[in-house]
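Colleague: Mind looking over this structure? Questions follow.
The values are calculated or read from the model by the stated rules, or taken from the named source; none is laboratory data. No experiment lies behind these values; they were computed from the predicted model shown. With ideal geometry, Cβ positions are generated from the backbone for all residues, glycine too; neighbour counts draw on all protein chains shown. Remember, those area values only see protein heavy atoms, side chains included, never the ligands or the DNA or RNA. Shrake-Rupley method; radii C 1.70, N 1.55, O 1.52, S 1.80 Å.
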Amino acid sequence: MPNHFLTIFDIPKEEALAVVKRAHQMKAEGLRLDTLAGKTLLLIFEKASTRTRVSFEVGVRQLGGDAVFIASRDSQLGRSEPLEDTARVLTRYADGLVVRTFGQHKLDVLANYGDIPVINALTDEYHPCQVMSDMLTMYERTPELDKLKVAWIGDGNNMAHSFINASAWFGFELAIACPEGYDPDQKILDKAVDLGAKVTITRDPQEAASGAHYINTDVWASMGQEEEQRIRAEAFAGFIVDEAMMNRAASDAKFMHCLPAHRGEEVSEGVFESPASIVFDQAENRLHMQKAIMEWVFSK
Ligand code: CP
Ligand code: NVA
């Protein structure tokens, strides 16, 4: 059975912090490894990407392997060749798939019909590689992750869901503020809470931000929701992370965003460019964490 990374829960809880520490070590020591020597990973992207694509392509090479990028619009995937068939073809060429797509169920099909590892590079439901990398960004500043309060301000989206899972695995308190109608998925929340996630949900972003060590947000309309942009902008009025909200947080609180960001919508220009903003460290850490994730996936 190949070892997949489809959600953060695929890494056993007792191994999750070790993966973060390994990424930290790779970053500190600039390790060049041969973990993927002789291996080729296929990157299949059905949505746009800058950070995830490039950090995987570079990361694969830094681990001694090869990466081949496939955009769905240029391949038969964009012409509706069934995923079941695509999985059985690609599995004969490659050693692993890194996939960015819409429904999480598509990853399950690829995992079930292929016999090579599948890594989730973002779906509508989850963004586990990003949030593992965010754990590294928090860990390198505040190693005791289980003593932290993290605020999630905005949409109960793929990023929020992966933060909810991370709360269960890393033990921090997660205060989510989202407008009515934009809550995280109840099933995802229930499962994570059963596994120990410490999550509160409020309609009041100032309350969620209060005393938080990290303030996180994301775009109000994710990829695939572009047509809802206007209605979402109305629903999310009052959810901008601005200077007043940062002032409610802990005195040394940091601002986090997975990027790309829309200044003047979910975050003010001033907060985005302030010393409290660690968004480019987050982006850098994608590379180090992708390598630690691939090492975990291929070492099993
Ligand atoms: N944060 C993130 O996943 O960025 P990209 O969409 O550029 O990959
Ligand atoms: N929630 C965003 C994250 C982008 C990295 C999206 O899915 O578009």
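Colleague: Using only the Cα atoms of the chain, each taken as one equal point scatterer with no solvent, compute I(q) by the Debye sum, divide by I(0), and report log10 of the ratio at q = 0.08, 0.13, 0.14, 0.16 Å⁻¹.
Modeller: At q = 0.08, 0.13, 0.14, 0.16 Å⁻¹ the computed log10 ratios are -0.33, -0.89, -1.03, -1.32.
Colleague: Could I ask something else about it? With labels modelled as points extended 7 Å from the Cα through the Cβ direction, what inter-label distance (nm, one decimal) is found for ASN112 paired with GLU29?
Modeller: 4.1 nm
Colleague: Follow-up. Would you look at the GNM of the chain, springs on alpha carbons closer than 10 Å, and say which of GLU173, GLU234, GLU266 moves the most?
Modeller: Of GLU173, GLU234, GLU266, the Gaussian network model singles out GLU234 as fluctuating most.
Colleague: Report the net charge of residues surrounding ALA283, where surrounding means a beta-carbon distance below 11 angstrom and charges are Lys +1, Arg +1, Asp -1, Glu -1.
Modeller: With Lys, Arg at +1 and Asp, Glu at -1, the net is -1.
Colleague: Taking the Cα-to-Cβ direction at ASP66 and at THR202 and moving 7 Å from each Cα, how far apart do the two end points lie in nm?
Modeller: So the two model labels end up 5.4 nm from each other.
Colleague: Using a 1.4 Å probe on the protein heavy atoms, what percent of the accessible area of the range 5-86 belongs to carbon and sulfur?
Modeller: Ligands and nucleic acids excluded, carbon and sulfur reach 47 percent.
Colleague: DSSP loop trypsin sites (Lys or Arg not before Pro) in the range 60-135 with at most 14 other Cβ atoms within 10 Å of their Cβ, which ones?
Modeller: ARG92
Colleague: Also, I was wondering about something else. Restricted to Cα positions, what overall size does the range 105-257 have along the principal axes? Three whole-Å values, descending.
Modeller: Its Cα atoms span 50, 39, 25 Å along the three principal axes.
Colleague: Something else: So, counting K/R as plus one and D/E as minus one, what does the shell of residues with Cβ under 15 Å around SER167 add up to?
Modeller: For residues surrounding SER167, the net value is -2.
Colleague: With r defined as the distance between the Cβ atoms of GLU81 and GLU180 and R0 fixed at 41 Å, what FRET efficiency is calculated, to the nearest 0.05? Spell out each step's value before the answer.
Modeller: Details: r = 40 Å, r/R0 = 0.98.
Efficiency for this residue pair is about 0.55.
Colleague: In addition: What is the set of long-range amide H partners of THR202 at a cut-off below 5 Å, with H atoms built 1.01 Å from backbone N?
Modeller: Residues meeting the amide H criterion: ILE176, ALA177, CYS178.
Colleague: VAL68's amide H: which non-local residues (gap 5+, or another chain) put their own amide H closer than 5 Å, with H modeled 1.01 Å from N in plane and none for Pro or chain starts?
Modeller: LEU41, LEU42, LEU43
Colleague: Give the cross-link partners of LYS198 among the lysines, using a straight C-alpha distance below 19 Å as the criterion and excluding same-chain residues fewer than 8 apart.
Modeller: List returned: LYS13, LYS147, LYS149, LYS187.
Colleague: Considering only protein heavy atoms and a probe of 1.4 Å, how much of the accessible area of the range 161-211 is carbon and sulfur, as a whole percent?
Modeller: Working: 1010 of 2140 Å².
That fraction is 47 percent.
Colleague: Of the chymotrypsin sites (Phe, Trp or Tyr not before Pro) in the range 1-107, which ones lie in a loop per DSSP and count no more than 16 other C-beta atoms within 10 Å?
Modeller: Passing both the DSSP loop test and the Cβ count: TYR93, PHE102.
Colleague: Now, a different point. Roughly how many Å² is the accessible area per residue of the range 112-206, as a whole number, for a 1.4 Å probe?
Modeller: Working: 3240 Å² over 95 residues.
Using a 1.4 Å probe on heavy atoms only, each residue of the range 112-206 averages 34 Å².
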